[in-house]
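The structure appears right after this line, and notes come after that.
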Amino acid sequence: MPTVTAMRVLVSGGAGYIGSHTVVQLVAAGHDVVVVDNFANSNPTVVNRLEALTGQHLPLHAFDLRDVDKTEHLFAHDRIDAVVHFAGFKAVGESVELPLEYYENNLGATFSLVRAMQRHNVDKLVFSSSATVYGAEAPVPMTEALPTSATNPYGWTKVMIEQVLRDVAAARPSWRIALLRYFNPVGAHPSGTIGEDPADIPNNLMPYIAQVAVGRRDKLRVFGNDYDTPDGTGVRDYIHVEDLAAGHVAALAKLTTTDASVSTWNLGTGHGTSVMDLLHAFERAVGHELPYEVVGRRAGDIAASYADPSLAQKELGWKAVRTIDDMCVDTWRWQRQNPDGYPSA
Ligand code: NAD
Ligand code: WQD
């Protein structure tokens, strides 16, 4: 791992699932971290737990990044060197029901943030993109060279923000931007004190299984077992959130040395895991079988999605190292220690 240039890093959405885990690793790497979050999908308790985990005071700005005045005030009164931009809405199904809210929030927050960065000559940005930008027909393993498209408003916000950032970089040659395309983040910090805490019924597989295991849900519904995959259930590239966080630290370090104005990297393991494989791995973590029922396919789901992560390994010296069993053991520790998630603020 190259020597890290210590920076003062603004983490937008730093109280969220991936942001919180990345804050811990940014501090461990020697950076000063400042958090901005409006708690639209998180909880102030997270920041308290982050301060306990890092042993550092973490300046917190609790506002909506779409508030241009408050965003400007932050950059005018703090010396920010780089930004890691997680803030945004991320639920695919909700985006279909509330497209304007998704476009307005995800793009609006980005516009406000990038404008303030431009005004204050902050020119290093790491952006949370998603494998969802590969669309529904992409061949696997997916490489960064594939064309981008989307099948839902959430995915389009990622496609659009990537393009906005490429155009900003073209207009501002000093800028260095990393577009990180996450596959399926799962898992939790090994302390069990921070983890994924969906607000309502979990859309995603891992938190749903964890809630079945802890008794909050009666059974897992497996969305189809008639896909063209080894066991007929959906195959995905699950990546431990700790590996994902490490990828952000590596990408940020790269921005201090690269000549490329925009770099795009897949953050995945390169391995596909089926729904049943993940369920059985979770059963190994829990020590007993978990109830499930095979039901019909979920609209919009694809059979298989997994990364070609070789570019990140080559250019960042980064590779996901944690196994599916690690992901389940760490998720189960978080869920067992926090059966109802974070306490309400
Ligand atoms: P999350 O909802 O846990 O975290 C997002 C955080 O941003 C939340 O704390 C929320 O309160 C905050 N936020 C949202 N809009 C804001 C605004 N306008 N101003 C200030 N704060 C705001 O989500 P996550 O799973 O940690 O994902 C983080 C990022 O990674 C998102 O951009 C998401 O699209 C992307 N991503 C997530 C996944 C995944 O499966 N979790 C996969 C690929 C990409
Ligand atoms: C995984 C597999 C389901 C729940 C989503 C977003 C994507 C990204 C990551 C933001 C699929 C099956 C699920 C359940 C099930 N988020 N499943 N029963 O759909 O690959 O990706 O999260 O960027 O944009 O689309 O993840 O966890 O929802 O589903 O059988 O209760 O588990 O069919 O095969 P997905 P997921």
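The values are calculated or read from the model by the stated rules, or taken from the named source; none is laboratory data. Small disclaimer: the values here were computed from a predicted structure and weren't measured. Neighbour counts are summed over all protein chains in view; Cβ atoms, including those assigned to glycine, are modelled from backbone coordinates with ideal geometry. Just the protein is used for accessible areas: all its heavy atoms, side chains included, with ligands, DNA and RNA removed. Shrake-Rupley method; radii C 1.70, N 1.55, O 1.52, S 1.80 Å.
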- [ ] Assign one of three labels to region 188-277, namely rounded, prolate or oblate, based on the Cα gyration tensor with a ≥ b ≥ c the square roots of its eigenvalues; rounded applies when a/c is under 1.5, prolate when it is not and a/b is larger than b/c, and oblate otherwise.
- [x] oblate
Open item on the list: Under 10 Å, Cα contacts only: if you run a Gaussian network model on the chain, which one of D226, D32, D200 comes out with the highest mean-square fluctuation?
Closed with: D200
- [ ] Among V68, V36, I80, pick out the residue whose Cα is farthest towards the positive end of the charge dipole of region 27-94, where Lys and Arg carry +1 and Asp and Glu carry -1 on C-beta, about the Cα centre.
- [x] V36
Task: Computed over region 1-143: relative contact order in percent, which uses C-alpha pairs under 8 Å that are six or more apart - done: 25
Task: Total charge dipole magnitude, region 170-264, about the Cα centre, Cβ charges on Lys, Arg, Asp, Glu only, Debye to nearest 20 - done: 300
Task: Fraction of accessible area attributable to carbon and sulfur, the chain (%, probe 1.4 Å) - done: 50
Open item on the list: At 1.4 Å probe size, what's the solvent-accessible area of I201? Round to the nearest 10 Å².
Closed with: 110
Task: Charge dipole (region 280-345, unit charges on Cβ, about Cα centre) - positive-most of T331, S310, G296 - done: S310
TODO: Could you state the accessible area per residue of the chain in Å², with a 1.4 Å probe and every protein chain left in place?
DONE: 42
TODO: Taking H placed 1.01 Å from N in the peptide plane, check which residues at least 5 places from V33 or on another chain put their amide H under 5 Å from its amide H.
DONE: V9
Open item on the list: Please check: in the Gaussian network model of the chain (C-alpha springs, under 10 Å), which one of T132, T54, T143 has the largest mean-square fluctuation.
Closed with: T54
- [ ] Evaluate the charge dipole of region 1-79 about its Cα centre and quote only its size in Debye, nearest 20, assuming +1 on the Cβ of each Lys and Arg and -1 on the Cβ of each Asp and Glu.
- [x] 200
Open item on the list: Assuming a strict under-23 Å limit between Cα atoms, what lysine pair count do you get for the chain once near-sequence pairs (fewer than 8 apart, same chain) are dropped?
Closed with: 9
Open item on the list: With +1 on the Cβ of every Lys and Arg and -1 on the Cβ of every Asp and Glu, and nothing else charged, how large is the dipole of the chain about its Cα centre, in debye rounded to the nearest 20?
Closed with: 600
